[in-house]
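The structure appears right after this line, and notes come after that.
The values are calculated or read from the model by the stated rules, or taken from the named source; none is laboratory data. From a predicted model like this one, the values you see are computed outputs, not experimental measurements. Cβ placement follows ideal geometry from the backbone for every residue including glycine, while neighbour counts extend to all protein chains displayed. Just so you know, the surface numbers come from the protein's heavy atoms only, side chains and all, with ligands and any DNA or RNA stripped out. Shrake-Rupley method; radii C 1.70, N 1.55, O 1.52, S 1.80 Å.
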Amino acid sequence: MSAGAVIQRIKTHDVLNVGVSLGFIGLSFREDHNSDWEGFDIDLAKAVAIAVLGNSERINFIPLQSGDRFQALKENIIDLGCFNASITFQREIIHYVSFVHPMLFDGEILMTHMDNLINAVPEAKATKKRCIAAMRGSTTQENLERYFGELGLNCEVKLFESPKHAREAYQKGICNIYCLDSYLLSGERIQLEEKEKHILLKDRISLEAMSPTVSSYDPLWHSAVSWVMKSLVEAENLGLNKHNIHEKYNISTGYLNRFLKPSKELCNKLGLQAEFTYKIISEIGNYGEIFERNLGKNSILNQERRKNKPWAEGGMLYSPLFI
């Protein structure tokens, strides 16, 4: 695949094909087949569509099982993966994919019914039974076997093709523990009957960085998507948001001006719209706005940002300079 081939394909067909999960509240979710997709990953995809096509609606969302995600990229079924994939050494080498920029720092945790705990202690070592529901094609099984091995405890891991199947197996008692990344698990918990009886344990099974994914065969496309992601992070760092972006655009000088009005020549080389940073923030906002809308205080999940804050605020998010 030649450099720029993916961008050319997208522009020729006037659509961005994006792989998403089978449905995780807060990340990529729709109520039914006739509803619009929404979530953190969906907004990241919209940012790319705005930057490349100038239109956030020109996206074809393709739900994929965890085990099929990277093959879909390899076979050019999708142009971009926004399916909350963890960045790993093995995935890049074996599947010939590239992770563009860390956009969500999280880690796997455990949930169990309170009746499965000894003396109500919310820890893995206090669980009575350890048949654990997890997603096939994820990093979870290896992480669980390592973690419980370190605790000197046995566990059985059952793998499922979709979050719906895993959640149902857990709800029915086929599995008595459910393991997912913490943001995802909070979305699964609110769908359970008597959710208050399902306890999130204190154990942190893994620490992982998630990123949108592209084929490694087109380095230009990788650069383009990377700078789109970085623009969301840098916008928050610069104090730019949907409410002040127009005012800031009109009075911008110095570095702010270079960020909002990047060189047309450089944008063209990447296949991006002129002033793509301004256009993205005008429509969907900065990183913080995307997080709070889908995962944080303005969402049904009401989750803390934790490490997903700008570096200056004690988080792990930062962007290289737009110079």
Positions within the stretch 220-247 being farther than 18 Å from Ala45 by Cβ, part of a helix (DSSP H, G or I) and either of a type in the set (Gly, Ala, Ser) or open to solvent by 70 Å² or more (accessible area, probe 1.4 Å) (or both), in sequence order
Asn237, His246, Glu247
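Could you tell me which of the residues Gln171, Gln191, Gln141 is more than 21 Å from the chain's Cα centre (by Cα) and of a type outside the set (D, E, K, R)? Please lay out each step first, then the result.
Values: Gln191 fails: more than 21 Å from the chain's Cα centre (by Cα); Gln141 fails: more than 21 Å from the chain's Cα centre (by Cα).
After applying the criteria, what remains is Gln171.
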Take the stretch 190-219 and flag every residue that is crowded, with 20+ Cβ neighbours inside 10 Å, within 20 Å of Ala126 (Cβ to Cβ) and either in contact with a Gly (Cβ under 8 Å, 6 or more places away or on another chain) or not hydrophobic (A, V, I, L, M, F, W, C) (or both).
His198, Ile205
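Go through the residues of the stretch 221-236 one by one and say whether even a single one is more than 19 Å from the chain's Cα centre (by Cα) and either farther than 24 Å from Arg69 by Cβ or not charged (D, E, K, R) (or both).
So in the stretch 221-236, the residues more than 19 Å from the chain's Cα centre (by Cα) come out as none.
Checked the stretch 221-236: no residue is more than 19 Å from the chain's Cα centre (by Cα) and either farther than 24 Å from Arg69 by Cβ or not charged (D, E, K, R) (or both).
From the list Asp181, Asp203, which one is touching a helix residue (DSSP H, G or I) at 6+ places or on another chain (Cβ under 6 Å) and either among the charged types (D, E, K, R) or modelled with pLDDT under 95 (or both)?
Of Asp181, Asp203, the one residue that is touching a helix residue (DSSP H, G or I) at 6+ places or on another chain (Cβ under 6 Å) and either among the charged types (D, E, K, R) or modelled with pLDDT under 95 (or both) is Asp203.
Looking at Ile50, Ile25, which is the one that is touching a Gly at 6+ places or on another chain (Cβ under 8 Å) and on the phi < 0 side of the Ramachandran plot? Full working, then the answer.
Numbers: Ile50 fails: touching a Gly at 6+ places or on another chain (Cβ under 8 Å).
Just one listed residue meets the conditions, Ile25.
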Residues in the stretch 95-102: is at least one closer than 18 Å to Leu200 by Cβ and in contact (Cβ under 8 Å) with a residue 24 or more places away in the chain?
no
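Restricting to the stretch 50-94, what's the tally of residues that are among the hydroxyl-bearing types (Ser, Thr, Tyr) and more than 16 Å from the chain's Cα centre (by Cα)?
The initial filter retains those residues of the stretch 50-94 that are among the hydroxyl-bearing types (Ser, Thr, Tyr), namely 56, 66, 86, 88.
Of the ones still in play, those that are also more than 16 Å from the chain's Cα centre (by Cα) are 56.
Going through the stretch 50-94 one residue at a time, the tally reaches 1.
Yes or no, residue by residue, for (1) open to solvent by less than 30 Å² (accessible area, probe 1.4 Å); (2) in contact with a helix residue (DSSP H, G or I) (Cβ under 6 Å, 6 or more places away or on another chain); (3) closer than 30 Å to Lys74 by Cβ:
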site	(1), (2), (3)
Pro102	no, no, yes
Val121	no, no, no
Cys131	yes, no, no
Leu144	yes, no, yes
Glu168	no, no, no
Gly173	no, no, no
Residues located in the stretch 31-49, provided they are more than 12 Å from the chain's Cα centre (by Cα), open to solvent by less than 60 Å² (accessible area, probe 1.4 Å) and over 20 Å from Pro219 (Cα atoms):
Ser35, Trp37, Lys46
Out of the residues in the stretch 133-142 that are open to solvent by 50 Å² or more (accessible area, probe 1.4 Å) and in contact (Cβ under 8 Å) with a residue 12 or more places away in the chain, which is farthest from Lys164 (Cα to Cα)?
Gln141
Which residue out of Asp43, Asp115, Asp68 is over 30 Å from Cys131 (Cα atoms) and of a type in the set (D, E, K, R)?
Asp43
Selection over the stretch 54-68 where residues are buried (at least 16 other Cβ atoms within 10 Å of the Cβ), touching a helix residue (DSSP H, G or I) at 6+ places or on another chain (Cβ under 8 Å) and in contact (Cβ under 8 Å) with a residue 60 or more places away in the chain yields a count of 1
